[in-house]
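Read the structure below first, then the notes.
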Amino acid sequence: KKKKKNTTGDKQVAGDDIDALLETIEQSNGLTLQSEGCGGSDNRPVLYVEHRNLNPETELKRYFGARAVLGDQRPRQRQRQFHRSTWMTIPKDTWPRFSRPGISMTLRESRDGLQYFTFEHSRDYQQIQFKFLDSVESMDPNNIVALLQMNPYHIDSLLQLSDVCRIQEDQEMARDLIERALYSFECAFHPVCSLTSGTSRLDYLRPENRAFYLAVYKHMMFLERRGCPRTALEYCRLILSLDPDSDPLCMLLLIDFLSLRSREYNFLLRLYQDWEVHRNLSQLPNFAFSVALSHFHLSQEDQTESEERERLKHKADLLLQNALIMFPGVLMPLLDLCTVQPDAAVSSHDFFGPRSQLGQSPALAELVSLYVGRTHTLWREGGVLLWLEECVREVLRRVDTKDPLVEDCQNNNIQTLSLIFKRKQRYQSAPLNIHRHVILSEIKEATSTLPLEVTTQSVMGFDPLPPLDSVASYTRPERQSVGASNESTLSLFFRSLLPNFNLQPMPQDDQEVAQAGRELNQEVNRLMVAMRDMLANIQFQEPPRDNNPDRDEGEWD
């Protein structure tokens, strides 16, 4: 009896406290539950993801309180028709009834403590995918809407139509479509797949997996715009954990911004310390400036002791000065977007003048424009601008006094591996994942710097810049209709009127050429006769008038 009572009591406690239940499950797997911040325990992996931080309500409760966020939602949720428990999204009553769309996840292999998964499409889903590609080529969003009415959980249609709604400034519908796509994905998860452990991998080379990356990315950006940067940071870590080596969406160019927005400075510093050795994060403009900014903010916190404040402030000064020496082309665009008029001594100096921007390689200019366009709002605070002004003056003093580090940058001393030498060698051409990230970011300062080989090709919202070595599990059948034809517009118009019309390739023999010409003239003559008859027989008849005197003359049938 005692054993039975204890079991019942444990169930009641677990039912009342979801976090306690999660803690029990995580500890049974050898993991500890993460605290409120990102940098709570050094025993966890740096990309550890916590389930409750994937829910924006967790962040909103800290801002406004649980009563203001939840209200009377809980009674309604208990009556909903969905029964599947999910972490990333909460299904809504307004959604169509869910039925498995034909997506499944399989475990491909396990090695070195990592599990490699992949999404797969059923044969019926493949046919829907082919219809979707036809709808995209038609350039008519109504065709995608019609496809979604028949298949309300088709992933690529949801992604594409979400972009259309966002362009038309229907943010609520665009966000709802992305959440529906995430719900469809999460219902297809493999039982072993874990979002929190950081050991699950998805190969971006497979098109079925790329849709999940894009759905999570778009959901993350919606959360950031809604004022939930801490939740967005958790999704950013999730995307990065799926393939940290390749980083197909280049989340390292975004994670520092979300860390600063959510004030997770310790997490950013830990990521920088752990990954600097093998990833050279200091060679990225965003990390060079954001790490310095993190040290500065930590030095301004009230709970920091005075000695620690001085140490952090001194380190922040050195890091920012080195960042300005390494990337001098950041300063003037940053001040311009911050609507700050630089001092004449700064704007006229050769080190920060126009020459610093003109000397940048295209790839470095792309990274600098991306960082400035994304994070200039973080530098508008009064204390930060004053600190930036102090460091700029110190850099100019070091330049004028011929500091060894600055002198190495200017003289391009290869023997000492000067910073400017590193700039010229590292940023000759940006890899494809950086271009893909710039396209997804939609930051105009960065998109204007994309090279011609990117801007001249068609970019699809459901799969921007697919990898060149993409691994396709199935191929689209060749279309036998107009799309696969090389006929001109005129010949296609003729064929639409006369089905027997056929413009064959030009034969090589003279007799065949003459015969083909005569047949073509006959076809054209028959077409012209048919068109004359059609135009001559067109008659316009007035619609029958209704003798009802009570009817309004302006009323339409």
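Couple of notes before you dig in:
- Out of Leu378, Leu364, Leu386, sole residue that is in contact with a Lys or Arg (Cβ under 9 Å, 6 or more places away or on another chain), assigned to a helix (DSSP H, G or I) and farther than 26 Å from Pro431 by Cα: Leu378
- In the stretch 270-283, the residues that are of a type outside the set (Gly, Ala, Ser) form Cβ pairs under 7 Å with partners that are modelled with pLDDT under 90 and assigned to a helix (DSSP H, G or I), at six or more places apart or across chains, as follows: Gln283/Lys422; Gln283/Arg426.
- Number of positions in the stretch 85-123 that are of a type in the set (Lys, Arg), assigned to a loop (DSSP other than H, G, I, E, B) and either surrounded by 11 or more Cβ atoms within 10 Å (Cβ to Cβ) or not assigned by the TED database to the domain that holds Met150 (or both): 2
- Only residues that are at pLDDT 90 or above and closer than 20 Å to Asp163 by Cβ were counted in the stretch 455-471, giving 4.
- Every test in (1) in contact (Cβ under 8 Å) with a residue 24 or more places away in the chain; (2) more than 26 Å from Gln171 (Cβ to Cβ) is passed by Leu223 save one, and that test is (2).
- Here Tyr153 passes the criteria (1) surrounded by 21 or more Cβ atoms within 10 Å (Cβ to Cβ); (2) in contact (Cβ under 8 Å) with a residue 60 or more places away in the chain; (3) in contact with a strand residue (DSSP E or B) (Cβ under 9 Å, 6 or more places away or on another chain) except the one numbered (2).
- Boolean, Asp134 is at pLDDT below 95 and closer than 23 Å to Ile439 by Cα: no
- Of everything in the stretch 239-292 that is in a helix (DSSP H, G or I) and of a type in the set (S, T, N, Q), the residue that is nearest to Glu224 (Cα to Cα) is Ser259.
- In the condition set (1) surrounded by 22 or more Cβ atoms within 10 Å (Cβ to Cβ); (2) in contact with a Pro (Cβ under 7 Å, 6 or more places away or on another chain), Tyr235 is compliant with all but (2).
- Scanning the stretch 269-313 for residues that are out of contact with any Ser or Thr (no Cβ under 7 Å at 6 or more places or on another chain) and charged (D, E, K, R) yields Arg270, Asp274, Arg279, Glu301, Asp302, Glu305, Glu307, Glu308, Glu310, Arg311.
- Any pair with Cβ under 9 angstrom, 6 or more apart, that starts in the stretch 299-311 at a residue that is assigned by the TED database to the domain that holds Trp387 and ends at one that is outside any loop (DSSP other than H, G, I, E, B) and aromatic (Phe, Trp, Tyr): Glu301/Tyr265
The values are calculated or read from the model by the stated rules, or taken from the named source; none is laboratory data. Worth saying up front: this structure is predicted, and the values here are computed from it rather than measured. Cβ coordinates were reconstructed from backbone atoms using ideal geometry, including for glycine residues, and neighbour counts include every protein chain displayed.
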